[in-house]
Amino acid sequence: MKVNEAIFRDYDIRGIVGEDLSEEFAQVFGKAYGTFLRRKGVLEALVGYDARESSPKYFESCVKGVLSTGVDVIEIGLVTTPMLYWSRKFYKKNGAVAITASHNPPEFNGFKPCFGNGAMFGQGLQDLKDLMISEDFETGEGKVSEREIFEDYKADIASKVKLARPLNVIVDCGNATGGPYVPAVLEAIGANVEKLFCDIDFRQPNHPPNPQDPRAYPQIQEKMRSGPTSPRFRGVKKYDVGLLFDGDADRLGSIDSEGNIVWGDQMTALCARRIVEDKPGALILFELQCSQSATDDVEAHGGKMKLVRVGHSYIEEALYRDKAELAGEISGHIFFSDRWYGFDDAVYAAARLLEYIAESGKSYKELVESLPKYYSSPLTRIFAPDDRKFEIIEELKKYFTDLSSRHPELVSGSAPKLVTIDGVRLQWPDGWAVIRAANTQPQLTLRAEANSQTRLAEIEKIVEQSLARYEKEGVKVEWGKVH
């Protein structure tokens, strides 16, 4: 089969419906995945899908493809991606695939296959692509069955997390997959939940279901500031926390009682406090775009921290390899090994965040303000040509190696230490900056941080100067841009 090879990204397969993807593509993908499983000795796979108009048909076609290879299929229907991950662990099944495009706009869809420790990535996805192209498939007659998993999933979380006191929470699911599930889970652990955009609407009419996008926040911020109006919140003057979930509920966003956005690295640092208290010296992982505020806080509370590369599959692998208890990304992917299964699950992460807030006796705003203070640029995404973005990063590594001699006016004190595990991170004693290529879009992501506004401006200038020579290719630094 001829495929658009560009849609086989580092973490998943994601493309445009009717252009890159079709029912035929879904069936051939199912054949490739089933063949992969057969050749690994796996004869059973869970298959689920997200809340997109194209998902049910792609689901049916994918199931047909898997069955045609002799692999049995357990259909779990409409589920969040973390529910699919959970079902692998809870029911002890190796094979699983979700039809989902996460937070992408409605015209997109995609596939997230799993094997071994978690979601497939990198070469594993390239191997599936090669199978689709070669059509070297196994044949057989698999059997299909159905399983309802939500009640088990909800009960598993409720058995592990209970709130010490009730919290009043707004839940915004962005009209996406989490809507039927998130409120019920949080109510089961003791929260009082007000729903916002929890009905499924394929058009995503109210805002992008993406906690990293500022356009996702105005409605929940307004509702938070205006306070409860529902009769079920009679006597309650304000909500304690606002929670936002992305399209397939694997990323979490949040706001405090005054509507201030709290990012993924901050939420991870707060959740780490309880873990480190229970397990002194516990290892907590952060991707290299996370704030030093978060990493400093972990160490101040007696934990250990390590920076790792961006990407849910890489972090999942690092958690397993390094025996870490928790990991977080600024984007809102939060992974718990402590009392959970080591994958990114925004619903479980929300439960643990609420657990910590409830037992602390403080407001969410007070807890966030207790984190060390740094000055940061927002995580920024700018255009870079898809076929050039990784080459640009390699060129920047060479550029920064000789930064102090090339641009002495830009360097404050010592030359920066370079960290190149994912893109390039410049590290000074008083600040840092990251430039990396996005794996799923034609973009570079940027972030900078320092111990003063003046130093932050200096570091931002260094980043701008390094990218100025790429303006003719459409690369232009606009701090704060995310879409």
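The values are calculated or read from the model by the stated rules, or taken from the named source; none is laboratory data. All of these numbers come straight from a predicted model, not from anything done at the bench. So basically every Cβ, Gly included, is an ideal-geometry build from the backbone, and we count neighbours across all protein chains shown.
Computed quantities for the displayed model
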{"read-out": "Residues of the stretch 468-483 that turn out to be under 30 Å from residue 103 (Cα atoms) and either free of Cβ contacts under 8 Å to residues at least 60 places away in the same chain or touching an Asp or Glu at 6+ places or on another chain (Cβ under 7 Å) (or both), as a count", "value": "5"}
{"read-out": "2 or more residues closer than 16 Å to residue 118 by Cα and touching a residue at least 12 places away in the same chain (Cβ under 8 Å): qualifying helices (runs of 4 or more DSSP H) within the stretch 312-408", "value": "312-322"}
{"read-out": "Residue in the stretch 295-316 that is polar (S, T, N, Q) and more than 30 Å from residue 153 (Cα to Cα) present", "value": "yes"}
{"read-out": "Members of the stretch 335-375 that are on the phi > 0 side of the Ramachandran plot and not charged (D, E, K, R)", "value": "342, 361"}
{"read-out": "Residue in the stretch 224-242 that is within 23 Å of residue 290 (Cβ to Cβ) and modelled with pLDDT of 95 or more present", "value": "yes"}
{"read-out": "Elements of type strands (runs of 3 or more DSSP E) in the stretch 1-111, at least 1 residues being of a type in the set (Lys, Arg)", "value": "13-16"}
{"read-out": "Test: residue in the stretch 238-246 that is in contact with a Pro (Cβ under 8 Å, 6 or more places away or on another chain) and among the hydroxyl-bearing types (Ser, Thr, Tyr)", "value": "yes"}
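Here is a yes/no grid of residues against (1) outside the structural domain of residue 80 (by TED's automatic domain parsing); (2) loosely packed, with under 14 Cβ neighbours inside 10 Å; (3) in a loop (DSSP other than H, G, I, E, B); (4) not hydrophobic (A, V, I, L, M, F, W, C):
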| site | (1), (2), (3), (4) |
| --- | --- |
| 125 | no, no, no, no |
| 129 | no, no, no, yes |
| 132 | no, no, no, no |
| 142 | no, no, yes, yes |
| 156 | yes, no, no, yes |
